[in-house]
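Trainee: Please read through the structure below; I'll follow up with questions.
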Amino acid sequence: MDDLGRSISALEGIYNRRRGQKDQLEDTLKKDTDSLNDIVKTKELQENVKQLLEMAAEYAREQAKGDMEYIVTQALQYVFENDLKFIIELEDNASGPQAEFYVESKYGGQESVKTRPQDARGGGVVDVISLALRIAMMQGHGVLILDEPAKQVSEEFAPNVANFLSYLTGQGDFQVIMVSHNQHLAQAAGKSYMVSINSGISRVSEVPSA
């Protein structure tokens with residue numbers, strides 16, 4: 001009986017040690033599982049934040065694209081008095097987002113034709129697009145410095161460019177300073193100065209408002 005009792009006691013000791021080891025392993029497993037869950041949650045949170053940032057960037061890009069298309073389209077239609085529409089096409093590649101500019105119009109027909117700006121109606125269209133893009137990027141405030149902003153716009157449409165600039169400066173909180181030989185642009189300015197050269201000496205005189 002003593003041998004049996006000693007055997008039972010030994011088995012109970014082994015059982016208790018194994019049970020202690022089991023409890024310790026279960027506790028370690030629970031801690032590791034909790035840690036893994038935290039890692040998974042953190043990773044999911046990071047993925048969600050990344051996705052949110054990408055969505056925000058995409059939204060901001062599309063918003064900026066839409067604003068620029070609208071402003072340039074309004075400028076083209078105001079100056080040339082037709083159905084010209086400005087289109088920006090964005091494409092992502094290895095070097096980042098790339099933008100291509102197009103002008104769309106029916107040109108008096110039934111089907112819309114999409115062309116590069118320089119192929120639409122010559123350099124005048126390019127001048128107006130360049131001017132309108134600079135205005136769009138100012139977001140309604142600042143100083144816009146221009147050098148012959150409509151030099152390739154025909155005489156027929158030059159007054160429209162002048163009126164367009166006058167209208168915009170009246171709407172936004174920005175000032176336009178420009179150098180131009182165009183009479184219509186000069187007359188549209190709030191203040192105009194003429195620079196002349198006499199005997200090799202430059203003279204500046206204020207031009208009376210029309």
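Trainee: Here are some residues: GLN98, GLN110. Which one is loosely packed, with under 15 Cβ neighbours inside 10 Å and part of a loop (DSSP other than H, G, I, E, B)?
Mentor: GLN110
Trainee: Return the residue satisfying two criteria in turn: it lies in the range 102-132 and is touching a helix residue (DSSP H, G or I) at 6+ places or on another chain (Cβ under 6 Å) and under 18 Å from TYR78 (Cβ atoms), and of such residues it is modelled with the lowest pLDDT.
Mentor: Taking the candidates together, the pick is PRO117.
Trainee: Shifting gears a bit: As an exercise: evaluate VAL153 against (1) assigned to a loop (DSSP other than H, G, I, E, B); (2) exposed (fewer than 14 other Cβ atoms within 10 Å of the Cβ); (3) of a type in the set (Val, Ile, Thr) and give the number of the one condition it does not meet.
Mentor: Tallying (1) assigned to a loop (DSSP other than H, G, I, E, B); (2) exposed (fewer than 14 other Cβ atoms within 10 Å of the Cβ); (3) of a type in the set (Val, Ile, Thr), VAL153 fails exactly one: (2).
Trainee: Among the residues of the range 66-77, is there at least one that is assigned to a helix (DSSP H, G or I) and within 17 Å of ASP119 (Cβ to Cβ)?
Mentor: Yes, the range 66-77 contains at least one residue that is assigned to a helix (DSSP H, G or I) and within 17 Å of ASP119 (Cβ to Cβ).
The values are calculated or read from the model by the stated rules, or taken from the named source; none is laboratory data. Everything numeric in this text was worked out from a predicted model, so none of it was measured. Ideal geometry is used to build each Cβ from the backbone, glycine not excepted, and the neighbour counts take in all protein chains shown.
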